[in-house]
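Reading through the structure tokens given below for one structure.
No lab work stands behind these numbers, since they all come straight from the coordinates. Owing to the predicted nature of the structure, the values given are computational and were not obtained by experimental measurement. Cβ placement follows ideal geometry from the backbone for every residue including glycine, while neighbour counts extend to all protein chains displayed.
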Amino acid sequence: MLEVRNLHVEVEGQKILRGLDLKVHPGEVAAIMGPNGSGKSTLSYVIAGREDYEVTDGEVLLDGENVLEMDPEERAAKGLFLAFQYPVEIPGVATMTFLKASVNAQRKSRGEPELSTPDFMRHVKQGAERLEVNPDMLKRPLNVGFSGGEKKRMEILQMALLEPRYGLLDETDSGLDIDALRIVSNGVNALRAANRGFLVITHYQRLLDYIKPDVVHIMSKGRIIKSGDAALALELEKNGYRDYVADAAA
Amino acid sequence: MPAVQDTVDQVKAIDVSEYKYGFVTEIEAERAPKGLSEDIVRFISSKKEEPAWLTEWRLEAYRRWITMESPDWSRVKHPPIDYQDLHYFSAPKGTAGPKSLDEVDPELLRTYEKLGIPLREQEILAGVEPTNRVAVDAVFDSVSVATTFKAELAKSGVVFCPISEAVHTHPELVKKYLGSVVPVTDNYFATLNSAVFSDGSFVYIPPGVRCPMELSTYFRINDTKTGQFERTLIIADKGSYVSYLEGCTAPMRDENQLHAAVVELVALEDAEIKYSTVQNWYPGDAEGKGGIYNFVTKRGDCREARAKISWTQVETGSAITWKYPSCILRGDDSRGEFYSIAISNGMQQVDSGTKMVHLGKNTTSRIISKGIAAGKSDNTYRGLVSAHRKATNARNFTNCDSLLIGEHCGAHTVPYIEAKTSTAVFEHEATTSKISEDQLFYCRQRGLSGEEATALIVNGFVRDVLQQLPMEFAVEAQKLIAISLEGSVG
């Protein structure tokens, strides 16, 4: 289980998360929705281990083990994957090279043998087909000159190859047209499994039409203020955040 | 390319953050007494049993040198060098004269084995020729200790031997070409080299011959308080081709050691020379103590029509690097290329670049320079592109990128462009960037360590240049890049 307990986080002295509690069980898709500035992206960065965030209190437990003391690469090897809202460009590094380097780095750190090149290529090819990633893209430098949709598909392809225990999707739907949204969602759905959980961060109900959540959490001002099932997202879509945020403040 | 794919493995395979080639070979050396004078110049010349013209040539250089001053225009700082406190000649005992490998001191053979330099010619097994054969000339302090594949090269008429030997076996070629690209009076260090040069390689490729294997020279400075002044001369006759590799290392010593080499390339009509360097001299320790002063003059002359000279260099070592491999584009339609990766870390200082001097019509040149600065180092690209009044339709493309790692290093770009013909077209692009926290975090989130991520990003940054290197060198260069940047993250 991925569990966040009483998490308090500051950035440059400003409180962003204020005692956040959250559980994602294996096999579960949990959605987090919330207005701009509620701290959703901060949560995903802190779980993944980005520096510049000061954790002043609380824990993030992966199967009972606190990950906050671990380096980002260690967390990755333990099975935490973050699909970035803004995937980063790495000029000069062919996408295929990067994919192979990541997969093998994680395998090595778990003490597993490296994948042979033919096995690896087969994996990539299967994943690429599902996500309608053009094989030529794999030869290009990672994310350089990719469209918004291509970048997001590449994030999901990486997730498919790395087979994480928990996938954090940070506004994966932003910047996607309806076709790309469908492709990306299908890619995520194909990865749903009994031993894998997802934390899906989004502004919009739209994504949740494609990736059906088991739980929906509403986040405001650095805390979860309401939780419910998929119906909560629909309700939210109709009424907006205002009612919930006002309730929480009252 | 596969070499890039292997980067991460190579980084992982490296477990020392130290200079790997810093050992000293315990071998008895025969040295000239310290200091520089006409007598020392004569001593060096007589050690090599040189003809009178060459002794006189050296003496003229020496007389010129004592009237000159050390250049001060580059962005490097060092205390004044006491030229009287150096040995100008040091040779492992018993290496006088050319020898077969069986006669070479086993201690020397072990040294090269340790450095990974093959001095044994690979046997041809069951009639299958190995594909990647490289002929090696091994220069240890002031002398060449072994040259491999000489006999086989001679079959195609290629001459590959120590220059001290060529003086005797091919005096007409040496006399005709020595100093014809870098004149004796060229600059302070080149003039010093002309007076005291010790050994280096001589290559002659006859007309129409494509050299059947890569040629390489491996330079090793071993002795203490010793300068190395090698001299390399490569002549590619009409329509010939040669690819030549140069590698260098030195032990870790507290003192600064002077390396002032001269390399001259001559490409005649339709000839092509590809010259690659992986320079890994000892860079000094983290506080800047010790290390090699690498003050080198390298120049190629595209002397006739359609000649082509290409320099590729990976510079990772030396406390100070001062070198500008250049091309004189004299022949019409000749072409010069310069591909460079210069990496500095710790307290290293690099002032390096190239000169493309367009003299002939329709001459073209291309410069791709990648500077990477980490630690507290300073990394300057200095380049000249000029077109003579008669160099109609001269073309140059320059791309000069700098990458900064950390907060305490510096990168500078100093381009000089002079066009005396209105038909010249010179393009210059330059960028400076930093490895961003975003990039590092992204890679680490995918499971790469900070150092693996840096190596991967740097390799991406230098990819255009690495692709120019022969395969064996590209792999070597990648390892070096990783080692050079160790400790620069975090």
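In whole Å, what is the distance between the alpha-carbon centres of the range B:175-210 and the range A:181-242?
73 Å
Given a Förster distance of 35 angstrom, what is the FRET efficiency for A:N189 paired with A:Q14, based on the Cβ-Cβ distance and rounded to 0.05?
The computed FRET efficiency comes out at 0.45.
State which helices in chain A qualify, where a helix is a whole DSSP H run, it must extend 18 Å or more along its own axis by its Cα atoms, and its mean Kyte-Doolittle hydropathy must be at least -0.5.
Helix filter hits for chain A: A:95-109, A:148-162, A:178-191.
Just to verify a number: FRET efficiency for B:T67 and B:M471, C-beta to C-beta distance, R0 = 45 Å, to 0.05?
For R0 = 45 Å, the calculated efficiency reads 0.45.
Calculate the radius of gyration of the Cα atoms of the protein assembly as shown to one decimal place, then report Dmax, the largest Cα-Cα distance, as a whole number, both in Å.
30.7, 103
What residues qualify as long-range amide H neighbours of B:S433, i.e. H under 5 Å apart, gap of 5 or more or another chain, H built at 1.01 Å from N?
Long-range HN contacts for B:S433: B:S402, B:L403, B:L404.
Where in chain B are the DSSP H helices whose alpha-carbon span along the long axis reaches 18 Å or more and whose Kyte-Doolittle mean is at least -0.5?
B:471-484
Sum up the charges of everything whose Cβ sits under 11 Å from the Cβ of A:I178, counting Lys and Arg as +1 and Asp and Glu as -1, but leave A:I178 out.
-2
Report, by chain and number, residues whose modeled amide H sits under 5 Å from the one on B:A146, excluding near sequence neighbours (fewer than 5 apart, same chain).
So B:A146 has HN proximity to B:A138.
Once the other residues with Cβ under 12 Å from the Cβ of B:S90 are scored (Lys, Arg +1; Asp, Glu -1), what is the net sum?
Net charge in that neighbourhood comes out at +1.
Sorting B:W57, B:W73 on the 10 Å Cβ count, fewest up front, what's the list?
B:W73, B:W57
Spin-label point model (7 Å from Cα, Cβ direction): what's the B:E113 to A:H25 distance in nm?
Output for this residue pair reads 6.6 nm.
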